[in-house]
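J.: Below are the structure tokens for one structure; questions will follow.
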Ligand code: NAD
Ligand code: UGA
């Protein structure tokens, strides 16, 4: 096999990264067979569902890409061993959450799923296989993967059929909600590795749709570390603007004006300067904590403390919102109805992992509030899992304290509410008819807008009181 003509790819892990990434590769490289495998049978069944609205993740444009490639050269299955055996290149795209126990608990990445993949690849591969780290991994993980792949005694192989491996790092920079656009038109593709032939084999795949000048080739360790630090820099910007937002609220400045003023400096740039309820998502927190762990491990406690503060500020930002709401509602929310608009960690995704809405909702439930939660894409069963509490029925909710229930419409959520708290910047929340909605609420009624989505004039004309993050009370 010539490495530069990869014919068959296997991707282990059919999650938020593996699914969309492989769908785009298959779409753009029709001559390459792409098998996406996962242990989770329900997830694979959902990827194979003829009804494209039931794919396991919601991403704008994903359905069209899957429709073009699925059944042609894109296949989803649970046949992990078979897919590895027939592949020239194996992507490892499994979860790498924060370790829950043992050394490094609460900070280090739990690499058990990555290690399991490496062992399975070692067992099932034939010939020369390029193993690509797609998961976000601690710097120098490739050493461990290579060590597992190179275990000499393999019972299943005769001497002349002992497989060989090259390991590459190819971290993924897609953001949820814009995954397809990010994959089809990336800022850059990063490939780290020592084996130039293997590097070029992967470059050739991306060259089907990414221009050569956007493909960066680096050392393995630079590539692994760049992924963690890219996320740390992005998260740091959000904590910085959220810190400024709090200062704006107490000084009479407006964070949107400050963001515009500083963002027009081309050295700073205008992106990622939206103040909000704190960053969520599956990766920022875990990746910074992993970076903090690595800094300690490599004897750099001052560097570790520096990055820790980005997470501390984010936790504070989330907890101050619930406190502030209670304070504005005369010091108590017990048995008061509060409408929560948006539960996903950002718009255009159904993902709730580390969503600020979880902590804020739990704090308000703890204070005795009745939450009416609306989100256009998040399933109520996911909210139940996140809040670890069953929803109340409408009847039992009338007098109850510390409850939540899901509503299918914004109007239903706002009925009888003392306050509405906007936590996700869904487009539909920008176009609400506040004059009508105000008539459904109990006066004096508040709008707490943490995403700057409402029009302040409409709110005041509707007789509602507006508190906006980074500006305060209107
Ligand atoms: P995910 O949890 O959505 O998907 C991982 C999948 O891997 C799961 O479906 C799981 O069942 C499967 N899996 C685990 N072990 C397996 C095994 N041994 N064999 C077969 N399947 C196995 O995770 P994700 O969000 O796709 O993230 C994957 C990696 O990509 C993580 O390292 C993450 O940090 C990184 N990443 C995520 C994003 C994102 O937006 N979610 C973006 C960039 C990078
Ligand atoms: C982030 C990075 O943007 C991706 O490059 C990276 O690949 C990915 O993490 C990962 O490694 O998982 P994602 O978490 O999907 O992507 O979404 P972002 O758009 O980065 O938003 C993260 C959080 O920050 C959200 O809660 C969002 O609302 C918040 N945010 C973002 C702000 O509060 N303000 C902003 O200006 C931007």
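Each reported figure results from applying straightforward, stated rules to the coordinates on display, with no laboratory input. Predicted model only: the values in this text are computed from it and were never measured. Every residue, glycine among them, receives a Cβ derived from its backbone with ideal geometry; neighbour counts consider all protein chains shown.
J.: Between the range 119-138 and the range 343-406, what is the separation of their alpha carbon centroids in Å?
T.: 40
J.: Additional query: List 293, 306 from most exposed to least, where exposure is judged by having the fewest other Cβ atoms within 10 Å.
T.: On the way: 293 21, 306 15.
With the sparsest Cβ surroundings first, the list reads 306, 293.
J.: Could I ask something else about it? Given a Förster distance of 41 Å, report the FRET efficiency between residue 64 and residue 126 from their Cβ-Cβ distance, rounded to the nearest 0.05.
T.: Values: r = 35 Å, r/R0 = 0.84.
The formula returns an efficiency of 0.75 here.
J.: Taking a virtual spin label 7 Å from the Cα of residue 381 along the C-beta vector, which residues in the range 350-369 bring their backbone nitrogen under 19 Å of it?
T.: Only 350-353 pass the distance filter.
J.: Further, regarding this structure: Which shape class, rounded, prolate or oblate, goes with the range 1-98 when its Cα gyration tensor gives a ≥ b ≥ c as root eigenvalues, a/c under 1.5 marks rounded, and past that a/b bigger than b/c marks prolate? Kindly include the intermediate steps, with their values, before the conclusion.
T.: Details: a/c = 1.71, a/b = 1.26, b/c = 1.36.
It is oblate, given that a/c is not under 1.5 and a/b is not larger than b/c.
J.: Determine, for 388, 377, the number of other Cβ atoms within 10 Å of each Cβ, and report the residues in order from fewest to most. Could you put the intermediate results ahead of the total?
T.: On the way: 388 8, 377 18.
Ascending Cβ contact count within 10 Å gives the list 388, 377.
J.: So, by mean Cβ neighbours within 10 angstrom, what's the order for 343-351, 70-78 with the highest one leading?
T.: Working: 343-351: 22.8, 70-78: 18.1.
My ranking of the peptides, most packed first, is 343-351, 70-78.
J.: Given the Cα atoms of the range 251-474, and with Rh set as the inverse mean 1/r over their pairs in the Kirkwood sense, what is Rg to Rh to two decimals? Walk me through the numbers on the way to the answer.
T.: Numbers: Rg = 18.3 Å, Rh = 18.4 Å.
Here Rg/Rh amounts to 1.00.
J.: Right, next: If the chain between residue 53 and residue 366 were fully stretched, how many nm would it gain, using 0.36 nm times the residue separation less the Cα-Cα distance?
T.: Working: separation 313, 0.36 × 313 = 112.68 nm, distance 3.58 nm.
Extra length available between residue 53 and residue 366 comes to 109.1 nm.
J.: On to the next question. Given axes a ≥ b ≥ c from the Cα gyration tensor, I'd like to know whether the range 276-397 is rounded (a/c under 1.5), prolate (a/b larger than b/c) or oblate. Walk me through the intermediate numbers first.
T.: Working: a/c = 2.85, a/b = 1.80, b/c = 1.58.
In terms of gyration-tensor shape, prolate.
J.: Still on this model: If you line up the Cα atoms of the chain on their principal axes, what length do they span on each, largest first, in Å?
T.: Dimensions of the chain along the principal axes of its Cα atoms: 80, 50, 43 Å.
J.: I would also like to ask the following. In square nanometres, what is the average projected area of the Cα convex hull of the range 213-335? Display every interim value, and only then the final one.
T.: Working: hull surface 44.3 nm².
Averaged projected area of the range 213-335's Cα convex hull equals 11.1 nm².
J.: To make sure I understand, if each residue's beta carbon is the centre and we count other beta carbons within 10 Å, what order do 432, 387 fall in, fewest to most? It would help to have the intermediate numbers written out before the result.
T.: On the way: 432 22, 387 18.
With the fewest neighbours first, 432, 387 line up as 387, 432.
J.: Also, quick follow-up: Does the range 289-360 come out rounded, prolate or oblate by the C-alpha gyration tensor, with a ≥ b ≥ c the root eigenvalues, rounded set by a/c under 1.5 and, if not, prolate when a/b is larger than b/c and oblate if not?
T.: Numbers: a/c = 4.52, a/b = 1.92, b/c = 2.35.
Cα axes put the range 289-360 in the oblate bin.
J.: Within 10 Å, count the other beta carbons around each residue, average over each peptide in 281-291, 459-469, and list them highest first. Mind showing how you got there, number by number?
T.: Working: 281-291: 23.7, 459-469: 19.3.
Those peptides, ordered most packed to least, come out 281-291, 459-469.
J.: Over every pair of different alpha-carbon atoms in the range 8-218, take the mean of 1/r and invert it; report that Kirkwood radius in Å. Provide the component values of the computation, followed by the final result.
T.: On the way: mean 1/r = 0.0570 Å⁻¹.
With all distinct Cα pairs of the range 8-218 included, I get 17.6 Å.
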